[in-house]
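So the structure is just underneath, and the comments pick up after that.
The values are calculated or read from the model by the stated rules, or taken from the named source; none is laboratory data. Just so it is clear, the model here is predicted, and its values are computed rather than measured. Accessible surface is based on the protein model in full, side chains and every heavy atom, while ligands, DNA and RNA are left aside. Shrake-Rupley method; radii C 1.70, N 1.55, O 1.52, S 1.80 Å.
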Amino acid sequence: MATVLIVDDAAFMRISIKNMLTKNGYDVVGEAENGLVAVEMYKELQPDIVTMDITMPEMTGLDALKEITKIDPSSKIVMVSAMGQEAMVRDAIVSGAKGFIVKPFKEDGIIAALKKLA
C-alpha cells in the first residue's frame with residue numbers, strides 16, 4: 001500500500017489521520033508539524049502521498065506544497081484544511097495539489113481521496 005507523510009500542526013489531527021490511514025492499510029512513514037519540516041521530510045522519505053494542512057506556523061501548507069512541487073513535480077499532495085473557501089482550494093489546485101479535503105472529514109472521505117491517487 002502507499003506510503004504517506006502527514007503534515008498538520010495539531011498533534012491530535014496527525015494522530016487521527018494516522019489511525020484512519022493505518023487501519024486502511026496505508027504506511028504512514030512520517031509526521032510533520034509545519035511546512036518547513038514537511039519539505040525536509042519529503043526529501044528524506046519520498047512518500048507516495050502527502051496530506052497537508054494549510055494554516056501552520058513556520059511555513060504554510062500552500063508554501064510547502066509549492067516547495068515540494070518544485071522538488072518533485074509528480075508529487076501527490078492532498079490538502080486537508082478547515083479553510084474550504086473557494087479561492088484557497090483554487091490556489092492549492094493551481095499550485096499542484098491533487099485533491100482537497102475539508103475538515104471536519106469522515107474516514108471514508110479521506111480514504112476515497114487517497115485511493116484516487118494511489
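For segment 1-98, what relative contact order do you get, as a whole percent, if you take Cα pairs closer than 8 Å and at least 6 residues apart? Don't skip to the end; give the middle numbers.
Working: 167 pairs, mean separation 26.1, N = 98.
Over segment 1-98, the number comes to 27 percent.
Taking only protein heavy atoms into account and a 1.4 Å probe, give the accessible area per residue of segment 14-76 in Å². Working shown, then result.
Numbers: 3000 Å² over 63 residues.
That works out to 48 Å² for each residue.
Quick one: divide the alpha-carbon radius of gyration of the chain by 2.2 N^0.38 Å and tell me what you get. Walk me through the numbers before you get to the answer.
On the way: Rg = 12.4 Å, N = 118, 2.2 N^0.38 = 13.5 Å.
Expressed relative to 2.2 N^0.38 Å, the Cα Rg reads 0.92.
Could you check how much of the accessible area of the chain is carbon and sulfur, as a whole percent, using a 1.4 Å probe?
Numbers: 3200 of 5810 Å².
Result for the chain: 55 percent of the exposed heavy-atom area is carbon or sulfur.
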